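Below is one structure, written out as structure tokens; comments come after it.
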């Protein structure tokens with residue numbers, strides 16, 4: 001259980017750090033000028049947390065398999081609990097929150113809450129899709145050749161998130177304000 005919280009906190013912290021780093025820098029100004037706040041900026045934040053979580057979870061699973069302390073698999077009653085379970089729970093929570101207009105901007109929810117929900121969405125999606133091969137094969141094929149379908153799913157969904165956020169708006173000139 002400890003490694004799951006570690007991955008979650010690492011992904012949230014890394015995403016938040018990158019967002020803070022971009023704040024007040026030339027990159028931050030470009031992002032603010034060219035990507036409207038909602039929904040594209042939420043997609044941008046989700047894609048950052050998605051890729052950071054994917055990298056983090058792969059590194060942790062590698063560490064577990066190579067007996068690097070303090071990492072270990074999560075077990076309950078002798079059964080291994082895969083990280084996709086936590087991803088599904090996070091996705092359900094974020095989906096419910098967005099259905100209730102939490103962090104969507106439709107109510108008085110803050111930009112911070114909107115970005116937190118976006119970060120959690122990216123984390124949940126990465127944890128879930130990282131084990132896509134498990135869904136497909138109904139057995140643990142994480143590091144085997146059949147596990148490649150998880151990488152394919154990550155690349156496809158990550159590309160969708162990235163293209164939705166970074167695509168045309170980032171490469172378009174900023175709109176001139178009418179005087």
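Here, each number is a calculation from the coordinates, and none is a lab measurement. Quick caveat: nothing in here was measured; it's all calculated off a predicted structure. Note that we place each Cβ from the backbone using ideal geometry, even for glycine, and neighbour counts take in every protein chain shown.
Quote to one decimal, in nm, the extra length available between residue 62 and residue 99 on full extension: 0.36 nm per residue of separation minus the C-alpha distance between them. Working shown, then result.
Values: separation 37, 0.36 × 37 = 13.32 nm, distance 3.59 nm.
Length gained between residue 62 and residue 99: 9.7 nm.
Over all alpha-carbon pairs in segment 71-170, figure out the percentage whose distance exceeds 15 Å. Walk me through the numbers before you get to the answer.
Numbers: 3432 of 4950 pairs.
When all Cα pairs of segment 71-170 are counted, 69 percent exceed 15 Å.
If I model a spin label as a point 7 Å beyond the Cα along the Cα-Cβ vector, how far apart are those points for residue 146 and residue 73 in nm?
1.5
I need the shape label for segment 16-139. Rule: rounded when a/c is under 1.5, else prolate if a/b > b/c, else oblate, with a, b, c from the alpha carbon gyration tensor. The partial results should precede the final answer.
Values: a/c = 2.65, a/b = 1.68, b/c = 1.58.
Prolate is the answer for segment 16-139, as a/c is 1.5 or above and a/b outweighs b/c.
Residue 25 versus residue 139, label points 7 Å from Cα toward the beta carbon: distance in nm?
4.6
What does the highest-first list of 123-131, 144-152, 12-20 look like by mean Cβ count within 10 Å? Intermediate results must be reported in sequence, preceding the final value.
Values: 123-131: 25.7, 144-152: 14.2, 12-20: 16.2.
Ranking the peptides 123-131, 144-152, 12-20 by packing returns 123-131, 12-20, 144-152.
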